Amino acid sequence: MECYCGPGPNGSGYPLTTWSRVTGRFASAASWQQWAGPGGWNDLDSLELGNGDQVGLTADQRRSYFTLWAMAASPLLLGTDLTAPNSTDMAMLTNDRLIGVDQDGAAAGRIVTSGVQQVWRKREANGDYVVALFNTGTSGNATVSVKWSQVGFSGSADVTDLWSGGHVGTVAGSYAVTLRPGETRLIRARVLSSQSSVGRQGR
C-alpha cells in the first residue's frame, strides 16, 4: 500500500499517479497482449484507485484506468490508502461486471488508435465481445466509433453498458459514443445476426 505520508507538501507520495502515466500503459498493454494467457497474465502494476481525486485523477480518468486493467486481464492490486475509502471509488471497485471482464480469461487487443481515440476488444468464451472505447485526451469531447467488422463480426448485436449496467439494445453495423476527456465506455456486444469472424483472443 502507498500513502500520502512524506515530508513534503501533501506528502511525498501525492499525487500517487498522473493521467500521463496511466495513458503510457495503453502502449504497454497493447504490446504485451500477445503474451497474456493462463499462467502468465500481464501485470500493469497497482491500481491507484480508492481515494477519489486525491490520487491525481478525475473520476472519468479513474474509470478509464480500471477499464484498461480489466480489458488487459491484469491482476487487480490496490496501491491506495485502504483506511480512507472514497464512496465513488468503492462503487467502481465493487462493480461485478468490471471484475468479471478482468477475470474472463482473455486479454484485449487494441483495434483503433487515432489521436485521443482508442478502441479495444476481446471475445469471451461464451462468444460475447467486450469493447472499450476511450478518449485519452485532457481537453475536449471526442466521438469514438468502431465498426462491428473491426470488432470481429458483422450485422447487429445486443449491447449492454458494463459500467452502468444499462441495456442499450440492438445496434447494427457500428457503435459510436461521444466521450468527455479521460472518459471511457465499456460495452458487451452479444452477436445477433452473423457468425463472428475473429478468434477468441483479441489480437
Residue among ARG123, ARG185, ARG25 with the largest mean-square fluctuation in a Gaussian network model of the chain, springs linking Cα atoms under 10 Å:
ARG25
Grab the Cα-Cα distance for THR113 and ASP43, subtract it from 0.36 nm times how many residues apart they are, and report the gain in nm with one decimal.
23.0 nm
Hey, any idea what Rg/Rh is for the chain, computing Rh the Kirkwood way over Cα pairs?
0.98
THR138 versus ALA125, label points 7 Å from Cα toward the beta carbon: distance in nm?
4.2 nm
Expressed in angstrom and rounded, the centroid-to-centroid distance over alpha carbons for region 97-166 and region 55-88 is 18 Å
Calculated FRET efficiency, SER193 and GLN34, Cβ-Cβ r, R0 30 Å, to nearest 0.05?
0.45
Report the extension gain between LEU82 and SER149 in nm, rounded to one decimal, defined as 0.36 nm multiplied by the number of residues separating them, less their alpha carbon distance.
19.9 nm
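Values in this text are rule-based calculations from the coordinates and carry no lab data. Keep in mind that this is a model prediction, so the values were computed, not measured. Heads up, the Cβs are rebuilt from the backbone with ideal geometry, glycines too, and the neighbour counts pull from every protein chain shown.
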